[in-house]
Amino acid sequence: MKIKFIMPMWPKESMWGKMGSGIPSLSLATIAALTPPDIDISIKYDERSPINYDEPLDIVAMTGMTPVAKRAYEIAAEFKKRGVYVVMGGIHATLMPDEVSQHVDTVFVGEGEGIWEEFLKDFKNKRPKKLYKNEKLIDLTKSPVPRLDFYKGLDPLGIFFPNRISVTKEMGFFLPNIIQTTRGCPFDCDFCTVTKFFGPSYRYKSYEQIRREIESMDRTRFRGNEVFFADDNICCNRQYLKGMCEAITEYKLDWYCQATASVAEDDEALKYLEKAGCKVFFIGFDSLNQESLNDIHKKHNTVKKYIDTIKKIHDHGISLHGSFMFGFDHDDISVFENFLEFAHKTQLDAAFLTVVTPFPNTTLFHRLNKENRIISYDWNKYDISTVVYKPKKMTVEQLQEGYYWMFREFHSTKNIFQRLYGHTPSYRINIGSNLAFKIFGGKAFPKQKNIERFKVREKQACPT
Ligand code: SF4
């Protein structure tokens, strides 16, 4: 039997479509590891080169978030025309199983472990079902070591141009080594898909399992010693986190992870993280407006503490990449300038800047839908940079244009230099991240004329 796993590409005109994937899919590598060895499998990144629809295959299996859904349906249609059995799982399939089932033969809802093996047995017996769903959250200690051997590193010249290099490096990634130590998040913020997909209870891999995964990685390749921790919130259980840090210190990794701002409240945890080689925190600050955070049920973030949070993390030699969304109901046009001033004042190393996006079936989506504020159901536009709903205190045009302006401004050469020069803990990753956004955001987002309209703030104290 021959199976091809395909990661469909983001809309070509979006920034992510232009930038390409720097970090590979852990879910495809995990599903590959669950596939019996007598089955011939391969992984294909749609963005890297054209798909050969005439390749003889038994099954095509896809995954992906909402922005790739329409492309996934195109791919499914081509393979189905040729008699190939097509299946899809992942976040969009879990949020919208009825829609996805109109385009593919089988849909997977939720985590893949358990139901993938069940499907393969049913397929061999010529009785595959239309839908597979784990009734319970899986036991993470039984998850296999992901097949990262499918992914390669990039050569030094390819650092900032994964798409271009991938013409010859089909499976080359900026950070090919990836791991996930925990799943789940109890907070269930209104916009987020994590609790919907992985559930509210926090589950862990054993330390032994984590060591096995690290030892299975090719750490000799270019940037092989740098590892991305794909946990959505690595700091939910501090005791576990400290033990995990102790378990991996001996490998002398440089690693990057995602956490909530509350991690900075635990000095001891920061010491463990620093000692274990953590180099970058990606933190979902999301908004500089406490009312907006309260509205979206992200009350565990306290805006007044943000400056202190960033300083504490910097003091431990760890860089801070902040995630911020623009367009919440309490955001007016001053939100862009406020953010730029905050970023300058805190010397934010890098940022993940998006417009608020109501992914289907999230709490936010249902609320905006009920209020008749969603202006597009075209999933290609849910690329986290395009406004798809009517904001409350701005027009759609003001939010869209203001976002473009702020994004370009944050990544201007002058601003990058001012934020990073002389202090940033990890120059290479921070400069790389800023330049990637500058280059690809610059290609995707139009330049704004009449930018004075966004400079509405009187000189006043930073919002925090
Ligand atoms: S945004 Fe972060 S804290 Fe909120 S539910 Fe998602 S992962 Fe959890």
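The values are calculated or read from the model by the stated rules, or taken from the named source; none is laboratory data. In this text the structure is predicted, and so the values were computed from the model without any measurement. All Cβ positions, glycine included, derive from the backbone under ideal geometry; neighbour counts span all protein chains shown.
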Open item on the list: Of all residues being within 12 Å of the ligand (Cβ to nearest atom) and not small (Gly, Ala, Ser) in the stretch 255-265, which is nearest to SER433 (Cα to Cα)? Just the residue, please.
Closed with: GLN258
Open item on the list: All but one of (1) within 18 Å of the chain's Cα centre (by Cα); (2) surrounded by fewer than 21 Cβ atoms within 10 Å (Cβ to Cβ) hold for GLN347; state the number of the condition that does not hold.
Closed with: (1)
TODO: Check the stretch 286-309 and report whether any residue there is surrounded by fewer than 23 Cβ atoms within 10 Å (Cβ to Cβ), more than 23 Å from the chain's Cα centre (by Cα) and closer than 19 Å to ARG419 by Cβ.
DONE: yes
Task: Matching residues in the stretch 198-236 - criterion: being outside any loop (DSSP other than H, G, I, E, B), surrounded by fewer than 19 Cβ atoms within 10 Å (Cβ to Cβ) and within 16 Å of the ligand (Cβ to nearest atom) - done: ARG203
Open item on the list: Checking the condition of a type in the set (Val, Ile, Thr), at pLDDT below 95 and away from the ligand (no atom under 16 Å from the Cβ), which residue from ILE165, ILE179 passes?
Closed with: ILE165
TODO: Name every residue in the stretch 267-287 that is within 16 Å of the ligand (Cβ to nearest atom) and not hydroxyl-bearing (Ser, Thr, Tyr), in order of residue number.
DONE: PHE281, PHE282, ILE283, GLY284, PHE285, ASP286
Task: Test: residue in the stretch 371-394 that is of a type in the set (Gly, Ala, Ser) and touching a helix residue (DSSP H, G or I) at 6+ places or on another chain (Cβ under 8 Å) - done: yes
Task: Residue that is nearest to the ligand (Cβ to nearest atom), among those in the stretch 288-311 that are in a helix (DSSP H, G or I) and aliphatic (A, V, I, L, M) - done: LEU293
Open item on the list: Given the condition touching a residue at least 24 places away in the same chain (Cβ under 8 Å), more than 16 Å from the ligand (Cβ to nearest atom) and either outside any strand (DSSP E or B) or not assigned by TED's automatic domain parsing to the domain that holds GLN239 (or both), answer yes or no: does some residue in the stretch 317-326 qualify?
Closed with: yes
TODO: Looking at (1) at pLDDT below 95; (2) within 16 Å of the ligand (Cβ to nearest atom); (3) in contact with a helix residue (DSSP H, G or I) (Cβ under 7 Å, 6 or more places away or on another chain), find the lone condition where ILE159 falls short.
DONE: (2)
Open item on the list: Quick check on my filter: what residues within the stretch 202-222 are touching a Leu at 6+ places or on another chain (Cβ under 8 Å) and closer than 29 Å to CYS192 by Cβ?
Closed with: ARG203, TYR204, LYS205, ILE214, MET217
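Here is a yes/no grid of residues against (1) within 22 Å of the chain's Cα centre (by Cα); (2) in contact (Cβ under 8 Å) with a residue 40 or more places away in the chain; (3) under 30 Å from PHE222 (Cα atoms):
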site	(1), (2), (3)
LYS2	no, yes, no
PRO11	yes, yes, yes
MET19	yes, yes, yes
PRO24	yes, yes, yes
ILE41	no, no, yes
LEU57	no, yes, no
ALA72	yes, yes, no
GLU78	no, no, no
Open item on the list: If I ask for residues that are surrounded by 18 or more Cβ atoms within 10 Å (Cβ to Cβ) and outside any loop (DSSP other than H, G, I, E, B), which ones from the stretch 134-147 would you list?
Closed with: LEU140
Task: Qualifying residue in the stretch 242-254 (condition: assigned to a loop (DSSP other than H, G, I, E, B), more than 16 Å from the ligand (Cβ to nearest atom) and closer than 19 Å to SER319 by Cβ) - done: yes
Open item on the list: Just the residues that are among the β-branched types (Val, Ile, Thr) and within 21 Å of PHE437 (Cα to Cα), please, taken from the stretch 1-51.
Closed with: ILE23
TODO: Kindly indicate the residue of the stretch 414-441 that is over 23 Å from the mean Cα position of the chain (by Cα) and assigned to a helix (DSSP H, G or I) and also surrounded by the most Cβ atoms within 10 Å (Cβ to Cβ) among those meeting that condition.
DONE: ARG419
TODO: Mind telling me which of the residues ILE333, ILE384 ends up being among the β-branched types (Val, Ile, Thr), at positive phi and buried (at least 17 other Cβ atoms within 10 Å of the Cβ)?
DONE: ILE384
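Does the stretch 118-133 include one or more residues that are closer than 25 Å to PRO67 by Cβ and in a loop (DSSP other than H, G, I, E, B)?
For the stretch 118-133, residues closer than 25 Å to PRO67 by Cβ and in a loop (DSSP other than H, G, I, E, B): present.
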